[in-house]
Amino acid sequence: MNVKVISTNVGRALLVSALFMFISMLISICDGMDSAFAPLSISFIITFIAGAFPFIFVRKSETISLQDGFMIIVLSWILSFLFGMLPYVMWGGEFSLVNALFESVSGYTTTGSTILSDIEALPRSLLFWRSSTHFIGGLGVVVFLLLIMPNASPFRLRLTNIELSSLSKEGYRTRSYRTVYITALVYVGLVAAETVLLVLAGMPFFDAVNHSFSTVATGGFSVRNMSISYYDSAVIDLIIMFFMVVSSLHFGLLFAACATRSLKPLNNPVVKFFLLSILVMTVIVTLSLRFQGGYDSWGESLLDAAFQVCSYVTTTGFGTADTDGWPLLSLLVLAYALFQCGCSGSTAGGVKADRMYIAMKAVSCQIRKRLFPSSSVIQIRIGKHLLSDNAAMPVLLFIVLYASLVVISIFLLVLCGVEPLEAFSGALSSMGNAGAAMGDLSSLGNYSAQPAMAKLIYSFDMFLGRVEIYPVFVIVYLMFRRGR
């Protein structure tokens, strides 16, 4: 592996974190140098030096291999987690070493799980840093890295293909080097638009910026203990619901829709499947709440059901109602939402609607082949394209691998003393980067009471879910291979 290339590009990723630490410092200064000023200042200096170090002592190199690309991705995330936890550890409070790591991983992976029982006790500068990790992680540490690479870089294409999935790209075509800029443009545009609308709806500007960071990143960190329910505003709920769903669509499709001023690019089978799944889940949860959940109003049942379904399936994790105590049918629907999640090419986590759609099509195709074994024209059709069995196999294998890792995590969590419901939903939520789970880990709950070892398991699951498993496995394989 090319240590020079890896170190310089991981350094770039750390400099991105240092930039947002510096912005958080400025907020602290504006607030009269609050209690987070020293932690943020020291963290900024350490992170900046670590990020700039390779540029001082390592000569520039433009040669890279695919293995180097995977190593850059994995190390960029891991070191971002470690340096990102520094402000929490130095500030203290509820942030023990394990808690700080958990909060940092949850932020960068846009999971939104928190160990904080009193979020509002944090100074505004530290709250901004916390939300900034969502902003950085939502766009992707590696995408930030790609933004500042030279256009002619021979490894830009490799890293783009590793970091960004193309399962949702039907109706969207562009050169690979432009994909990064398009993703960034759409991402920042959505954050700006949501911030303006939330301010107009009555949310304070600081709160609006932080919640926009969380929404578009499909993260879920809030600056309020009661999450979105604090504002008690149907307008705010609807605005956030809209941006949660939009941020779970392929950003390339969103860009194409804006560029052509037409919804035609969204006429995509995966998008239709995703939106239809939200509609069906919302109807089921609404009926469950109305007849089994003690809700007296259809309107309240529909709004709470729609918001929580959108929150779970988009892996955002905001809450307008506490799902702890909801009927079993509603919880089962939300569990499926945590498994499927949003579309590829978005900030959402989970298996992805693309893979679920392909898997359903593959199963349907196999059933028809069993019914009509003599037919030779039965194939998997995705929109206008035909998909071979060989092309569908990696999708099915990913789903099996994903589910297997969730089961292993549940087993380990139960051994750590976690309640079965919390172990099941916590593992599912962490792998899906959703944050909200069930029981004490529900949409208005937190992970503070979870055992330290369980928090480490959740953190590893978040990391695996964010990088979609394979890059980590590739690095482990390469390490074992080199050790032989």
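The values are calculated or read from the model by the stated rules, or taken from the named source; none is laboratory data. These figures come from a predicted structure and were not determined experimentally. In this analysis, Cβ positions are derived from the backbone assuming ideal geometry, glycine residues included, and neighbour counts consider all displayed protein chains. Ligands, DNA and RNA are stripped out before the accessible areas are found, and what is left, the full protein with its side chains, is counted by its heavy atoms. Shrake-Rupley method; radii C 1.70, N 1.55, O 1.52, S 1.80 Å.
For the peptides 272-280, 303-311, the ranking by packing is 303-311, 272-280, with the highest mean count of neighbouring Cβ atoms within 10 Å listed first. Surface composition of the chain: carbon and sulfur atoms hold 68% of the protein heavy-atom accessible area at a 1.4 Å probe. Phi-derived couplings, Karplus 6.51 cos²θ - 1.76 cosθ + 1.60 at θ = phi - 60°, listed residue by residue for region 351-368: 4, 5, 4, 4, 5, 5, 5, 5, 4, 5, 5, 5, 5, 4, 5, 5, 5, 5 Hz, with x used for Gly and Pro.
Between region 96-111 and region 236-313, the C-alpha centres lie 28 angstrom from each other. Amide hydrogen proximity for G319: with H placed 1.01 Å from N in the peptide plane, the residues at 5 or more positions away or on another chain lying under 5 Å are I228, S229. Rolling a 1.4 Å probe over the protein heavy atoms leaves D322 with an accessible area of roughly 70 Å². Coupling constants for region 198-211 follow from the phi torsions by the Karplus curve (6.51 cos²θ - 1.76 cosθ + 1.60, θ = phi - 60°), and in residue order they are 5, 5, 5, 7, x, 7, x, 4, 4, 4, 5, 4, 5, 6 Hz; glycine and proline get x. Accessible area ranking (1.4 Å probe, heavy atoms, ligands and nucleic acids excluded), largest first, for L238, L456: L238, L456.
Take each peptide in 462-472, 427-437, count the other Cβ atoms within 10 Å of every residue, and average; sorted highest first, the result is 427-437, 462-472.
Near the amide H of I380, within less than 5 Å, lie the amide hydrogens of L387, all on another chain or at least 5 residues away, with H placed in the peptide plane. Note on surface exposure: W91, W326 rank W91, W326 by accessible area, highest first, 1.4 Å probe.
For region 6-19, the Karplus equation 6.51 cos²θ - 1.76 cosθ + 1.60, evaluated at θ = phi - 60°, returns couplings of 4, 5, 5, 7, 5, x, 4, 4, 5, 5, 5, 4, 4, 4 Hz by residue, with Gly and Pro reported as x.
Going down the table (K264/K352; K4/K352; K352/K455; K272/K455), which pairs top 32 Å between alpha carbons?
The pairs that break the limit, which is 32 Å between Cα atoms, are K4/K352; K272/K455.
Students often get this wrong, so try it: which of [x] 32, 26, 22; [y] 32, 30, 22; [z] 42, 29, 16 is semi-axes √(5λ) of the Cα gyration tensor in Å as calculated from the structure shown? It is the one labelled [y].
What order, most packed first, do the peptides 74-82, 446-454, 102-110 have when packing is the mean number of other Cβ atoms within 10 Å of each residue?
102-110, 74-82, 446-454
The residues of the chain present an accessible area of 41 Å² per residue when probed at 1.4 Å with all protein chains retained.
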